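Novice: Below is one structure. I have some questions about it.
The values are calculated or read from the model by the stated rules, or taken from the named source; none is laboratory data. All values derive from a computational prediction rather than experimental measurement. Neighbour counts are summed over all protein chains in view; Cβ atoms, including those assigned to glycine, are modelled from backbone coordinates with ideal geometry.
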Amino acid sequence: MMLMNYSDYKKGAEEFYQDLNSPLEELSYIYEGEFINYDGYGFLDRSCIFISLAQIAIEDTVDISEIREELKEIFESNVAEKLKKELEDFEIFYNDYLEVQREYSKL
């Protein structure tokens with residue numbers, strides 16, 4: 001079971017992104033660290049964190065190659081199909097997922 005819905009993760013990611021002037025990889029792990037020790041935290045939550053941060057970085061024209069390996073794991077896992085059943089706001093996630101996937105394919 002996921003801890004939050006995608007919109008909550010994305011809102012938090014936007015706040016982290018604006019407040020911290022750190023490289024994307026470092027920022028990703030700091031933000032993930034806010035949740036990693038919660039009971040129930042898992043790969044679906046992690047996917048939401050990394051997709052939301054990557055999407056925000058893309059909008060800000062920041063290179064996402066720093067989190068290439070994490071994104072590769074997400075895209076190879078068929079996470080979108082799994083999240084379709086878990087997220088009430090799946091459509092928002094999926095739009096960001098597709099945008100990040102397009103940028104990832106250029107790396």
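Novice: Take the residues of the stretch 9-31 that are over 20 Å from residue 70 (Cα atoms) and acidic (Asp, Glu): which is nearest to the chain's Cα centre (by Cα)?
Specialist: 15
Novice: Step by step: first the residues of the stretch 44-71, then only those that are of a type in the set (Val, Ile, Thr) and not in a helix (DSSP H, G or I), then the one that is nearest to the chain's Cα centre (by Cα). Which residue is that?
Specialist: This residue is 64.
Novice: Still on this structure, I have one more. Please pick out the residue among 87, 107 that is in contact (Cβ under 8 Å) with a residue 60 or more places away in the chain, in contact with a helix residue (DSSP H, G or I) (Cβ under 9 Å, 6 or more places away or on another chain) and either aliphatic (A, V, I, L, M) or at positive phi (or both).
Specialist: After ruling out the rest, the residue left standing is 87.
A quick yes/no check of all residues on (1) modelled with pLDDT of 95 or more; (2) in contact with a helix residue (DSSP H, G or I) (Cβ under 6 Å, 6 or more places away or on another chain); (3) more than 16 Å from residue 100 (Cα to Cα):
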position: 6; (1), (2), (3): yes, yes, no
position: 17; (1), (2), (3): no, yes, yes
position: 24; (1), (2), (3): no, yes, no
position: 47; (1), (2), (3): yes, yes, no
position: 51; (1), (2), (3): yes, yes, no
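Novice: With 81, 76 as the choices, which residue is of a type outside the set (Val, Ile, Thr), more than 14 Å from the chain's Cα centre (by Cα), loosely packed, with under 14 Cβ neighbours inside 10 Å and modelled with pLDDT of 95 or more? Reasoning before the result, please.
Specialist: Details: 81 fails: modelled with pLDDT of 95 or more.
Being of a type outside the set (Val, Ile, Thr), more than 14 Å from the chain's Cα centre (by Cα), loosely packed, with under 14 Cβ neighbours inside 10 Å and modelled with pLDDT of 95 or more holds for just one of 81, 76, which is 76.
Novice: In the stretch 62-73, which residues are modelled with pLDDT of 95 or more and among the β-branched types (Val, Ile, Thr)?
Specialist: 64, 67, listed by residue number.
Novice: If you go through the stretch 49-60 one residue at a time, do you hit one that is surrounded by 14 or more Cβ atoms within 10 Å (Cβ to Cβ) and either among the aromatic types (Phe, Trp, Tyr) or in contact (Cβ under 8 Å) with a residue 60 or more places away in the chain (or both)?
Specialist: yes
Novice: Turning to a different aspect of this structure: Just need a number here: residues in the stretch 28-46 that are surrounded by 15 or more Cβ atoms within 10 Å (Cβ to Cβ), of a type in the set (Phe, Trp, Tyr) and touching a residue at least 24 places away in the same chain (Cβ under 8 Å).
Specialist: 2
Novice: Could you pull out the residue among 25, 15 that is part of a helix (DSSP H, G or I) and either in contact (Cβ under 8 Å) with a residue 60 or more places away in the chain or surrounded by 15 or more Cβ atoms within 10 Å (Cβ to Cβ) (or both)?
Specialist: 25
Novice: Quickly run through the stretch 84-105 and pick out the residues that are exposed (fewer than 12 other Cβ atoms within 10 Å of the Cβ) and either in contact with a Cys (Cβ under 9 Å, 6 or more places away or on another chain) or modelled with pLDDT under 95 (or both).
Specialist: Hits for the stretch 84-105 are 85, 88.
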